[in-house]
Every structure is written in C-alpha cells, then in structure tokens.
1. Test residue A:166 against the stated conditions and say whether it is at pLDDT below 90 and either surrounded by 16 or more Cβ atoms within 10 Å (Cβ to Cβ) or outside any helix (DSSP H, G or I) (or both).
2. Looking only at the stretch A:215-245, count how many residues are in a helix (DSSP H, G or I) and crowded, with 22+ Cβ neighbours inside 10 Å.
3. Suppose we filter the stretch A:104-133 for residues that are touching a residue at least 60 places away in the same chain (Cβ under 8 Å), closer than 22 Å to residue A:197 by Cβ and away from every other protein chain (no Cβ under 14 Å); how many remain?
4. Taking the conditions exactly as written (surrounded by 15 or more Cβ atoms within 10 Å (Cβ to Cβ) and over 17 Å from residue B:127 (Cβ atoms)), does residue B:201 satisfy them or not?
5. What's the number of the condition residue B:193 fails, among (1) more than 13 Å from chain A (Cβ to nearest Cβ); (2) modelled with pLDDT of 90 or more?
6. Which condition number in (1) surrounded by fewer than 19 Cβ atoms within 10 Å (Cβ to Cβ); (2) farther than 30 Å from residue B:88 by Cα is the one that residue A:187 fails?
7. Give the number of residues within the stretch B:210-236 that are touching a residue at least 12 places away in the same chain (Cβ under 8 Å) and more than 17 Å from residue B:393 (Cα to Cα).
C-alpha cells in the first residue's frame, strides 16, 4: 500500500478528495469481505449451495404452473420455464443484493465503529455475494436450455451489458437502503415488503408484452421492467422484441438511483460510526 | 524533528437522546415527532419553539490542540468519558470532528479493538488474512509476515480450525498477533491490552516497543493501566472532560493525573466527641516524599503517614499502631511507643511513619489507626482512617495489574550458583 509521506488532513465537513483513490487502495479489503461472506454462506449451511440453486428452481416451477398452466399466459414461442427463468435470474440477483446490502452495514457495525475504510466497500461486497449466487443459478438456465434443446442466438453476447445494468440497479438501491437503515432502523421492515411486492409488479412470471400498449411506458417506471426485458431479449432471442422507449426510461431510472444512491451514501457515511 | 500529528482546536459534539438508549432512530419516531411539532405549530402559531428536552448536546472534545513529534510514544490518559476514545476515533478517521483540524503525516493504522472482523466460522488462516486486510495490510504484506504471526500466536496446530472452536485465550492471541505485526508509520492503540493472558500481553507490549524504538514509529496509546503507560510511553497527554489538561513527559503527567486535586485528600479528621478520651487520634494524613498531601502513589514512591494525637491525660507506655490492609487481607502492622516530655500531661503529638518505596504492590490500601496501652486498654481506634492507591510505576509486573502476585514486592537478594562444568553449559541467548 501507499508508503509515501503524504499529509492527511482531517477537518469538519471536508469532502474527502482522496475518496475514490482510497476506495481503490482498499480494493483488497473489498475482495476479502466478499470472499468472507461467500465462504461463510457456503460453509455455514451444508445446504448452502443447494439453497442457492433450489430457490430459483422451485420458484420457476411454481411460476410456470401458475402463469402458464393455470392462467394460460402466452410464452412468446419459447418454453415457458426458460421465459420465467430468464427473468428470475436478474430479479433474484436484484432482490438478494438489495436485502443483503440493506443489512450489511448493521451486521458489520463492529467494524464500522472500530476501523476506517471507505464504507462503500461493505454494501458493494454484499452485492458481490449475490452476484455469485446469480452466476450459480445461471447454471440452471444452461441446464434448462439443454433440456429443451433451446439455442440462443447472437444477442446472447449482449447479456453482460444487461448484467451490468442489473448491477447498477442492485447497487443503487442497495446503497440507499443501507444508508437509510443505519439511521432509521425500521427500514428493515420495508425491505422484505419491497422484495415481495416487486416480484409481482415486475414481469417475472409473465412476459411484459401482455401489458396493454398504452400502459407500457408507465409500466417501465419500475426500473426492473427494463432490466428483465433486456435479459429476455438477450437470452430468448427469436421473436422477442425490446420495447425501446420503456427500456431507455428504465435505464435512466436505474442510473438515477445509482447516482443519487452514491451521493446519499457519501453524504451520510461520515456519521455512520456515530449512530450505528 | 517535525510534528507528525498536529491537531488544532479539535472539537466533537454528540447529541444525546435521553429517551432512547440507542443512537439510531426509527422513521416512525421521526414522523411522529414531526407531526407533533407541526400540530403544535398550527395550534399555537406564535409560541416560541420549545426546547427539546430529550436531546442534549454533549461535547466529547472541546478545542483540543496538540503536536506529536515523530518517534514519540504518547500515552493518552484520563478518566472514563474524558474523550480519549473520541480522540482516537477522529485520528483514525472513523468519525469526523465537528470543528477543528488535524494534519497527519504518514500511514496510520489503528487498533481500537482486538480481532475486529474476525468471523467465527472461518479458520485461523482465513481470519489472519481478513483481519490483516481490515487493519490495512496488503495481501503481500500479510503473506510475508504470515509465519511470523502464526508463531507469535502459538496456534500452529489449529490454523485450519474454525476460530469458533478456539479457546478464548487462543482467539485473543491470534488477534493480537495480527495487530502486533502491523508496521505503519503511526500506530494508534486503544485499551486492547486489557484482555488476554498476562504473559502474552507482555509479549505484545514488548513487540510494540521494539517496533516503535527500532523503526522510529510514532505510537498513541490509551490505557487505564498507569503501569503500562509508564513503561511504554515517553510522553503523555492528559484529557479531562474533553479538554487537554497537560502534555509533557510521561512521569509528570501521570503524577498530575493521579493527584488531581486537594479534594478527597483531607485525610482523616476526628469529630469532636472523641476528644474526651485519654489519648485520641485527631488527624491523619498521607503525604508523598515531597511533603505534599497525596492519596495516589506509584509503587516506587515512599508513602508517609502522619498521625496527630491529642493527649487529654498522658499515660506512660502508650503506643500508636498502623494496620495496613488491602481489599482482601491485612498486609502488615507497624507500631511505636509514643514519647512525651518528662511530666507532660496534655498536648498534641504527631507520629510519622514511612512506608518504604517499592514495598506495596499496586492496590488500594486502607489504614487502621489505634492508640493503646499494650495488653491493657485501647484509647482510640479508627478503622479505615486513610486510604491510598498504589499504582504500578513501571515494574516487571506492570502488565499483570489486577492479578494476585501477593501484596508486597520483596527484594530477595537472589543469587544463582552454577555447579555444572562449563562444557555442559548450553549456549544462552
């Protein structure tokens, strides 16, 4: 690490000029924390990995049963399980990152009140843990594709871009909730509600094409709509169309949440140690 | 020499809520209070805004300024709530000052707690890396020192066991070991040596000393154990209620801290009723070697006890006795015959006794005073007339304060005779 004799000035209200450089210097801590959480997650419960795989699998089965077999919703010409799973991947990444980041600061309270480091490291590493789960459940999608003999087309190559958007959404929302949670502990109660509610208002169990045309833009005010549509567009290929105005609106909202999330987090970060 | 830490008018304010113990709030309360205030305002629009009695400002630090030179080992002392921890937190950037400024030259590592971030599910090896990273070491640095850390902690066989299966001693040792191998330019250490077993504490203090003297590193050290402070630091900074009272050489500041005011030092003064006895104790006081009243001593200072007796009717052969006890037992008793002038009937006598330096171990001591005629009568007796506190002034046992090593230091004039032939002598390090 930096051994140069630079002078550090600590002053009230001084926006730390070296914040982003510090963040870079603490990258190892970031990896260590993410690595710790992943290790603990899969060590603590012998069913850790089964849980990571089983949860999306069961959800997918139930959604297919309810929305396809019972409600007879259209499947856009692809096997319904794949349609559901292509949406379940980003949704589960988002929701687990969101609730993980929300709790992360509180559960690392000891570290926050005893050691200095850019606090951003903590919720960020919580998001990484969910990302690992996301990669694991990606295996199921591959399995499903092989099972149904489904071959994606070249659009699949754009998937990393949409993963990035999901990342931004999870990070932005995660930072907001993490910072709010330190100050107002009852945000803890709001998180499960948002996660549960979000599952129904986002097009996870159904395709967003069933939403009437005049409502599509309004529907895209939920940023996860754009994210999920993007995932389906990239994975399913074929006839799936991306509703561009809606997607751009969602993208804009995601970026807005991310930027305001970072700003709010940075603003409140200094007081974390005092109130946690 | 240049100053590596310069603080100017550092202040830190906290808002204390009296209703809630916790420092965080809930949105529910914020909304409820806001609504209450709003309705109040609507109902009584011209009333002065009421002072919120539930919240009170508290200045943990007030206008603190100091300079610390490179290579200084500075002890920060003060009672609970003096602002020591707040100061360390500001210096280690955990919290921001409310006003004021500090400039720090060089890399800072702070050790405010042992084992921060340790996870019980992870193995010793994993925790070394994690804790090292949390304390600010790079992975390469930890790798370099890994074997040294493990050897220092004496946990070789258990490296791959989750630390939840460690004994508490092993846990603390491992945590200490990581911290002891930090090599920053400025090291900030809070009361962490107060836990862990004595041998290991000594080892850590030694390691810290080695690092700071050889590397010319600057150390800030908070401890309630004056012995450790005297042993380890060369300078000290005394805080009282958030303000700097004194800075300077460690012995001066520690002395000042231990004898803060004339209050509580009055010693013993008898009330009027006891003046009817033949001989009675009217006053007693403990003094330091300079003749000033004192109640706190380091173990290497003599304690002077002066007892004033009033003679209402002289009895030949009367003796005065001082019994010294600590919290558990009597330590020793000393007495002498009171001597009056030929034919004296009334008057006051002052008896002085000196408890030699380096006798009493760090403890709180209580003095029982008595005047009596041996085997016949007791004229006056005062239980716990005086009490003094002996603190460690940097003895070998400094790190073991609180442990029972007996109640006195004894110079036993040890000698070692070696009867083995020289060829059999093992080389000694």
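The values are calculated or read from the model by the stated rules, or taken from the named source; none is laboratory data. Predicted, not measured: the structure shown is a model, and the values here were computed from it. Cβ placement follows ideal geometry from the backbone for every residue including glycine, while neighbour counts extend to all protein chains displayed.
1. In short, no.
2. If we filter the stretch A:215-245 for residues that are in a helix (DSSP H, G or I), which is where we start, we get A:215-219, A:223-236, A:244-245.
Retained after the next criterion (residues that are crowded, with 22+ Cβ neighbours inside 10 Å): A:223-232, A:234-236.
Going through the stretch A:215-245 one residue at a time, the tally reaches 13.
3. 3
4. So residue B:201 fits the description; yes.
5. Condition (2) is where residue B:193 drops out.
6. Going through (1) surrounded by fewer than 19 Cβ atoms within 10 Å (Cβ to Cβ); (2) farther than 30 Å from residue B:88 by Cα one by one, residue A:187 breaks only (1).
7. The qualifying residues number 8.
Let's see how each residue does on (1) buried (at least 16 other Cβ atoms within 10 Å of the Cβ); (2) within 26 Å of residue A:266 (Cβ to Cβ); (3) modelled with pLDDT of 90 or more:
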| position | (1), (2), (3) |
| --- | --- |
| A:116 | yes, yes, no |
| A:136 | no, no, no |
| A:153 | no, no, no |
| A:162 | yes, no, yes |
